[in-house]
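A short worksheet on the structure shown next.
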Amino acid sequence: MSTAEVPMVRVVPSEGRVDWALVVIVGLLVGFGMIMLVSASSLSADKDYGNGLHYLTRQAGGLAGGIVAGWFVLTRPWGQLRRLALPAFVVAVVSLIIVLTPLGVEANGAQRWISLGGINVQPSEFAKLAVILMLANYLDANAGRLHDVVGVVFPAIAIVAPILLFLMFEPDFGTTVVTAGIAGVLLFVAGLRLLWVFGLGAIATAGGVVLIAIEPYRLERFLSFLDPFADPEGAGYQVVQGWIALASGGVAGAGLAGGSSQLGFLPEAHNDFIAAVVGEELGAIGWIAMVLLYVGLIWRGTRIAARAPDLFGTLVASGVSGMFAMQILVNLGVVGGLLPAKGLVLPFMSYGASAIAAHTIGVALLLRTAAATGRPST
């Protein structure tokens, strides 16, 4: 047989390979989150909208939208994900620009939403995924060249800069921090020297300190974080009430809908502070169960990153895992009083239709990367 007739062995995506552990973990988180959402929001939803399931219905709608978009991701050939990076990034930038125009919707002093037929969409949640895809594609195309800081690393930073700028104008400081953190994770995984990683991190931290200092409401949040009891009826109210809820839960909790958080004592009980409701109603047992599920989510994400078929897959899985890890740590840190209030949702638990849709797409990216783990084929 001639050389030309010898069949070539190549690596192709092993379609159909499913990371069932990840599917089960996310399924449990979604179910857990829906139960806690109803428990935390039914009274206020009935009072404000005449429907105790108002928030659950909207959350289910966001989940359904995320599943549809996630299915699209899962059914794409592996190579097409790269080609989706630029269109997704352009849509993210344009959407964030629209948010800042009169077409944007303002609530609680921030303009972060676009109204589409009565449904408010938060583009910043999807922008994080667009940054992951775009930056992963760029760094993969420049693999082995991160020693060229001026020619490769600075352009990578320039890719993320417009997203960060628009997020700050909304303002959405928490999402800005997470997005910058995602960029740092991707640069580190792609091979940027630790010296540069720490240097860029120090610059970003210094910039964050300046942004906190020049904005009165951020400075107030930071000062209240240092001593919430200095103003327990004002800036420190939410944190203090969160602590009370956590402490009153004890080991086993007061039972579902048995706490006082949903009675109006704890602001954003169904949103940013739903972890406090978990602590009050399900106690330490519920909190430990929730944290273990999150540990499982990050564990599966990092395993998928380690086994990805190429650098692009490793970066995508690392970016999504980093996004989840940062939001979980920041949210739980805020509820526990370890970090200043940031307004970040707890993945799959907090209310937020856009958030749960984006997080579901993130899981789909992890599953698609796992499915692309190579196998020999002729």
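The values are calculated or read from the model by the stated rules, or taken from the named source; none is laboratory data. What you see is a predicted model, and the numbers here were worked out from it, not measured in a lab. Here the Cβ positions follow ideal geometry from the backbone for every residue, glycine too, while neighbour counts run over all protein chains shown.
Assorted remarks:
- Failed criterion for PRO232 (all others in (1) assigned to a loop (DSSP other than H, G, I, E, B); (2) in contact (Cβ under 8 Å) with a residue 12 or more places away in the chain hold): (2)
- Within region 74-103, if we keep just the residues that are in contact with a strand residue (DSSP E or B) (Cβ under 9 Å, 6 or more places away or on another chain) and closer than 23 Å to ILE356 by Cβ, the residue that is surrounded by the fewest Cβ atoms within 10 Å (Cβ to Cβ) turns out to be ILE98.
- Residue selected from region 313-326 under the condition crowded, with 24+ Cβ neighbours inside 10 Å and not hydroxyl-bearing (Ser, Thr, Tyr), by the criterion farthest from GLY174 (Cα to Cα): GLY313
- Every listed requirement among (1) without any contact (Cβ under 8 Å) to a residue 24 or more places away in the chain; (2) under 27 Å from GLY174 (Cα atoms); (3) among the charged types (D, E, K, R); (4) surrounded by 13 or more Cβ atoms within 10 Å (Cβ to Cβ) is met by GLU106 save one, (4).
- Note on region 1-52: among residues that are in contact with a strand residue (DSSP E or B) (Cβ under 6 Å, 6 or more places away or on another chain) and in a loop (DSSP other than H, G, I, E, B), the one that is modelled with the lowest pLDDT is VAL9.
- Of all residues in region 260-274, those being of a type in the set (A, V, I, L, M, F, W, C) and free of Cβ contacts under 8 Å to residues at least 60 places away in the same chain number 2.
- The condition of being crowded, with 20+ Cβ neighbours inside 10 Å and closer than 28 Å to THR314 by Cβ holds for only one of LEU146, LEU167, that being LEU167.
- Test: residue in region 169-181 that is more than 18 Å from LEU86 (Cα to Cα), part of a helix (DSSP H, G or I) and more than 17 Å from the chain's Cα centre (by Cα): yes
- For GLY255, the criteria (1) under 17 Å from GLY286 (Cβ atoms); (2) touching a Ser or Thr at 6+ places or on another chain (Cβ under 7 Å) hold in every case but one, which is (2).
- Elements of type helices (runs of 4 or more DSSP H) contained in region 252-371, each with 3 or more residues being small (Gly, Ala, Ser) and at positive phi: none
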